Amino acid sequence: MRGDQLARQWLLIQRLARSRAGVGLDDLAEELGCVRRTVYRDLDALMYAGFPVTSEKRDGKAYYRFLDSFEMGQVPFTPDELLALAFSEDLLKTLEGTVFHDSIRAALAKVRAGLGPELSGYLERLSDGFRVLPGPHKRYEAFRDTIRTLNEGVLENVTLEMQYRTGRTGEEKTRRIDPYKVWYHGGALYVLAFDHRSEEIRTFSVDRIRSLERTDERFVVADDFDFDAYTASSFGVVADPPVSVRIRFSPDWATHVGEREWHASQSTRTLPDGSLELAMEVGATRELASWILSFGSGAVVLEPPSLREQVRAELADALSAYERRPRPAGHASETGG
């Protein structure tokens, strides 16, 4: 099948790129799970596409590798680096319409322009066999200028004045911020900045910025600010003091939860009944509670008590909403005309 062939050739490219001394045909066949004849066909396909495959005989056996001095078209990339770039375009779909997305697309277009038609066509076919589909994310087409101004503020240490709408109340306020870092997390863009109003480091959602302008002021990032340390205890984008969190997941969710890294501090243990206990040192924020609620009855908070009560109250409110009798569709108001 075509998909199997592309996957096998992708593995072959990576294997040849890693080997300076060359790889024997039998070893390639064993690693790729196919017969020697198939490896021959795949090597021929790569050579026809323009990949720098060469071979040499040692002790009566042929060893295959990529030429060290070969440049793919007019670009100084190794074959596997070039493929990784081609695949990265899918990863940027969540930032479509922004300077990040446009710049990478322009760079990839220049890379492709430096390749021959055979190699360019092969890369297109190969990348078509490996897709990365973005999950839920916000759209940023309308925030191109905002993002550009934020980037300039971060790079040039310029204080910015913004009109910002808060998420909880919807109220708009004017704030002056010293932007420290533009941060992409969970399908959304944020700016981590020192807020002159509250005199503390805050996280602002880019899509809630109504207007943004440069000022004539410059700032110096606080000596004790460390982005990794600041975000180490956050489960999402809100940084709260870490607490010990333990959650038990039902057997139905145990594999799903156990296969993923949710936080750098996590540890897991499988319980006798097949359920899974997840322990983390994170801030007990609303983001964490929302994540736990997404598992429904499949997740139970063991500690801390405050988080357990928060989740329990949210579930009770949800049940209450379902128990209220819904108004039939098209039902006219008693006071309506």
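Using each residue's phi in segment 143-151, evaluate 6.51 cos²θ - 1.76 cosθ + 1.60 at θ = phi - 60° and report the 3J(HN,Hα) Karplus result to the nearest Hz, with x for Gly and Pro.
Each residue's phi maps through the Karplus curve to give 10, 4, 5, 4, 5, 5, 5, 4, 4 Hz.
Once you charge only the Cβ atoms, +1 for Lys and Arg and -1 for Asp and Glu, what is the size of the charge dipole of segment 243-323 about its Cα centre, to the nearest 20 debye?
Dipole size: approximately 140 debye.
Between beta-carbons, use under 14 Å as the cut-off and find the net charge around residue 29, counting Lys and Arg +1, Asp and Glu -1.
Charge balance near residue 29 sits at +1.
Take the Cα atoms of segment 176-332, build their convex hull, and give its volume per residue in Å³.
Normalising the Cα hull of segment 176-332 by residue number yields 185 Å³.
How much length is gained if the chain between residue 314 and residue 220 is pulled fully straight, taking 0.36 nm per residue apart and subtracting their Cα-Cα distance, in nm to one decimal?
Length difference between fully extended and current span is 29.6 nm.
From the phi angles alone, apply the Karplus equation (6.51, -1.76, 1.60; θ = phi - 60°) to segment 252-267 and give each ³J(HN,Hα) in whole Hz, x where the residue is Gly or Pro.
5, 9, 4, 5, 4, 6, x, 7, 10, 9, 8, 7, 4, 8, 5, 9
Would you please give the FRET efficiency between residue 262 and residue 25, computed as 1/(1 + (r/R0)^6) with r the Cβ-Cβ distance and R0 = 30 Å, to the nearest 0.05?
Rounded to the nearest 0.05, the efficiency is 0.10.
Let's test the formula: R0 of 35 Å, r as the Cβ-Cβ distance of residue 229 and residue 18. What FRET efficiency results, to the nearest 0.05?
Efficiency computed from Cβ-Cβ geometry: 0.50.
Using θ = phi - 60° and the Karplus relation 6.51 cos²θ - 1.76 cosθ + 1.60, list the HN-Hα couplings for segment 95-106 in order, rounded to whole Hz, with x at every Gly or Pro.
In residue order, the calculated couplings are 10, 4, x, 10, 5, 4, 5, 5, 5, 5, 4, 5 Hz.
Say R0 is 25 Å: what FRET efficiency, to the nearest 0.05, do residue 48 and residue 104 get from their beta-carbon distance?
0.30
On full extension of the chain, what length is gained from residue 321 through residue 56, given 0.36 nm per residue of separation minus the C-alpha to C-alpha distance?
Here the answer is 88.1 nm.
Cut-off 15 Å, label point 7 angstrom out along Cα-to-Cβ of residue 151: give me the residues of segment 161-190 whose amide nitrogen falls inside.
181-184, 189-190
Above 20 angstrom, tally the Cα pairs of segment 141-225 and express them as a % of all pairs, no decimals.
In whole percent, the long-distance tail amounts to 25.
Taking segment 243-323 on its own, what percent of its Cα-Cα pair distances exceed 14 Å?
So the portion of pairs separated by more than 14 Å is 61 percent.
Rule-based calculations on the coordinates, nothing more; no lab input. All of these numbers come straight from a predicted model, not from anything done at the bench. Reconstructed Cβ throughout: ideal geometry from the backbone, glycine too, with neighbour counts over all protein chains shown.
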